[in-house]
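The values are calculated or read from the model by the stated rules, or taken from the named source; none is laboratory data. Since the structure is predicted, the reported quantities are computational estimates derived from the model, not experimental observations. Positions of Cβ are backbone-derived with ideal geometry, glycine not excepted, and every protein chain shown enters the neighbour counts. In case anyone asks, the SASA skips ligands and DNA or RNA and just uses the protein heavy atoms, side chains included. Shrake-Rupley method; radii C 1.70, N 1.55, O 1.52, S 1.80 Å.
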Amino acid sequence: MDAFLVALKSVLTDSGFMAFTAGNAIMILVGCILLYLAIVKGFEPLLLTPIAFGCLLANIPRTGFETDPGVMQLILAGIKYEVFPPLIFMGVGAMTDFGPLLANPKTLLLGAAAQAGVFVALLGAMLLGFNVREAAAIGIIGGADGPTSIYLASKMAPHLLGAIAVAAYSYMSLVPLIQPPIMKLFTSKEDRKIKMAQLRTVSHFEKVVFPIVCTIFISLLLPSVCSLIGMLMLGNLFTEAGCLGRLSDTAQNALMNIVTIMLATGTGLTMKAESFLTTQTILIIFLGLVAFAGGTAAGVIFGKLMCILDHGKTNPLIGSAGVSAVPMAARVSQVVGQKANPSNFLLMHAMGPNVAGVIGTAVAAGTMLAMIGAAK
């Protein structure tokens, strides 16, 4: 009996309950709220569910995840050494059609304009006391691109990774709520009624050459994002080549699903109470909203300018799709445009700036790395 009591005491002494803190309890509650939003409310469930569950795991004391060899160490290494974001980009590339961008190349400018929110938030973060690397990692939330946000945060501000990832994916899921008021604020009803001409047909040759040329040019200009752009364009080449169906299918489905689980769970594992429950986290969430709203506004304003210059041929609403939440932002442009004019069909036109935004966010991240440099 004494031996049993000693063993029981040993179990209790070594249990997580003995090291459980109020911070752990709060973060487990945060994880449960995120699970509710993901599963019940449908806010980015494929991403927020593993992030939230990773948050639960991260706040159970004495698990040994960061020291003991095993799958958790592997997942954390994939985050630390930037393995997962490029693989996600490969899947995104395989699912992306750059045809609308090639059919109307000037929409590339809308994707570039929407990155203005990134630099607005960067300046705001510096004014609020973040150092330049932290500010750059926070600003990229405005691109509404989760993998790029994680990629840049892991290089520039690893200690802020959890907060930045949660803010980025939360605002991506809230695109249909955040964007329409901003779009209506900067456009008139007449602007929103504009019908755009049908896009030309893009040849197979153009679709095959584009990812190759894009990879070479951007990688030479910004070598630091070669892995992101390279994997994005490689995935797209798998799809557009026409003879790589198996590789395209793997990149879009099996690989994409596996890496999404790893990336999101690993992100959740960084959400420990001691690093997440800070004033900085609240500021990051606020600045993320500023970045995202600023990017949306900049895209719409540039779309309005483009509309003036081409004498009413461009509907400014498609500028809001310049953030890289593919294809959600393009769908929002379609919905808002159709409410103003039921015969309007903007989806394919909005896909041009939308896929340009994916490239633009990666370029913005590369520009940050080139100008500022990664954290040592």
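Pick from A77, A58, A157: which is most flexible by mean-square fluctuation in a GNM of the chain where alpha carbon atoms under 10 Å apart are linked?
A77
Which chymotrypsin sites (Phe, Trp or Tyr not before Pro) from the range 33-105 combine a DSSP loop assignment with at most 13 other Cβ atoms within 10 Å?
For chymotrypsin sites (Phe, Trp or Tyr not before Pro) across the range 33-105 that sit outside H, G, I, E and B with at most 13 neighbouring Cβ atoms in 10 Å, the list reads Y81.
P(r) for the range 32-107, please, calculated from all Cα pair distances in 5 Å bins and given in %.
The calculated distribution, bin by bin, is 3, 13, 13, 16, 16, 15, 9, 6, 4, 3, 1, 0.
Assign one of three labels to the range 1-147, namely rounded, prolate or oblate, based on the Cα gyration tensor with a ≥ b ≥ c the square roots of its eigenvalues; rounded applies when a/c is under 1.5, prolate when it is not and a/b is larger than b/c, and oblate otherwise.
Cα axes put the range 1-147 in the prolate bin.
Name the trypsin sites (Lys or Arg not before Pro) in the range 3-72 that are in a loop by DSSP and that have at most 16 other C-beta atoms within 10 Å, would you?
K41, R62
What is the range 196-274's relative contact order, in percent, from Cα pairs under 8 angstrom and six or more apart in sequence?
It comes to 21 percent, rounded to a whole number.
Keeping every protein chain present and rolling a 1.4 Å probe, give me the accessible area per residue for the chain in Å².
44 Å²
Using only alpha carbon pairs under 8 Å that are at least six residues apart, calculate the relative contact order of the range 121-201 and give it in whole percent.
21 percent
Restricting the calculation to Cα positions, tell me the Rg (one decimal) and the Dmax (whole number) of the range 197-259 in Å.
Just the Cα atoms of the range 197-259 yield Rg and Dmax of 13.4, 40 Å.
Only helical DSSP H runs with n ≥ 4 go in: add -39500 (n - 2.57) per run for the chain, normalise by residue count and round the 222 nm mean residue ellipticity to 500 deg cm²/dmol.
-22500 deg cm²/dmol
Going through the cross-link list K41/K80; K106/K184; K106/K195; K106/K193, which pairs have a Cα-Cα distance over 25 Å in this structure?
Exceeds cut-off: K41/K80.
I'd like the projected area of the range 243-376, averaged over all directions, using the convex hull of its alpha carbons. Report it in nm² with one decimal.
Answer in nm², one decimal: 12.8.
Under the rule a/c < 1.5 gives rounded, and otherwise a/b versus b/c splits prolate from oblate, where does the range 159-280 land using the Cα gyration tensor?
oblate
Based on the Kirkwood radius over alpha-carbon pairs, what is the Stokes-Einstein translational diffusion coefficient of the range 158-217 at 37 °C with 0.692 mPa s viscosity, in µm²/s?
In µm²/s, the coefficient is 203.
If I build a Gaussian network model for the chain, linking alpha-carbon pairs within less than 10 angstrom, which residue out of Q115, Q198, Q252 has the largest mean-square fluctuation?
Result for the chain, Cα springs under 10 Å: Q198 fluctuates most.
In the range 257-376, how many lysine pairs have Cα atoms under 29 Å apart, counting only pairs 8 or more places apart or on different chains?
Value for the range 257-376: 4.
Extent of the range 100-195 along each principal axis, from alpha carbon coordinates, in Å, largest to smallest?
Principal-axis extents of the range 100-195 (Cα, largest first): 47, 29, 23 Å.
Pairs of alpha-carbon atoms within less than 8 angstrom and 6+ residues apart define the contacts here; what relative contact order does the range 10-81 have, in percent?
31 percent
Can you compute 3J(HN,Hα) from phi for each residue in the range 353-359, using the Karplus curve 6.51 cos²θ - 1.76 cosθ + 1.60 with θ = phi - 60°, rounded to whole Hz and x for Gly and Pro?
3J(HN,Hα) across the range 353-359, in whole Hz: x, 5, 6, 5, x, 4, 5.
Consider all pairwise Cα distances in the chain and report the whole-number % of them above 36 Å.
The answer is 24 percent, as a whole percent.
Using a/c under 1.5 as the rounded threshold, could you call the range 21-69 rounded, prolate or oblate? The axes a ≥ b ≥ c are square roots of the C-alpha gyration tensor eigenvalues, and prolate needs a/b larger than b/c, oblate otherwise.
oblate
With all protein chains present, how much of the accessible area of the chain (probe radius 1.4 Å) comes from carbon and sulfur, to the nearest whole percent?
That fraction is 72 percent.
Along the charge dipole of the chain, which of I301, S324, S248 sits closest to the positive end, that is, farthest toward it, with unit charges on the beta carbon of Lys, Arg, Asp and Glu (+1, +1, -1, -1)?
I301
Under a point-charge model restricted to the Cβ atoms of Lys and Arg (+1) and Asp and Glu (-1), what is the dipole moment magnitude of the chain relative to its Cα centre, in debye to the nearest 20?
Result for the chain is approximately 960 debye, rounded to the nearest 20.
Which residue, chosen from A112, I141, Y169, occupies the Cα position most advanced towards the positive end of the dipole of the range 68-170, where the dipole is computed from +1 (Lys, Arg) and -1 (Asp, Glu) charges on Cβ about the Cα centre?
Projecting each Cα onto the dipole axis, the largest value belongs to A112.
Arrange the peptides 288-295, 348-355, 271-278 so that the one whose residues have, on average, the most other Cβ atoms within 10 Å appears first.
Descending mean neighbour count gives 348-355, 288-295, 271-278.
Between L221, L283, L12, find the one with the highest GNM mean-square fluctuation for the chain; connect C-alpha pairs within less than 10 Å.
L12
Based on the alpha carbons, how large is the Rg to Rh ratio for the range 243-294 when Rh follows Kirkwood?
Answer for the range 243-294: 1.24.
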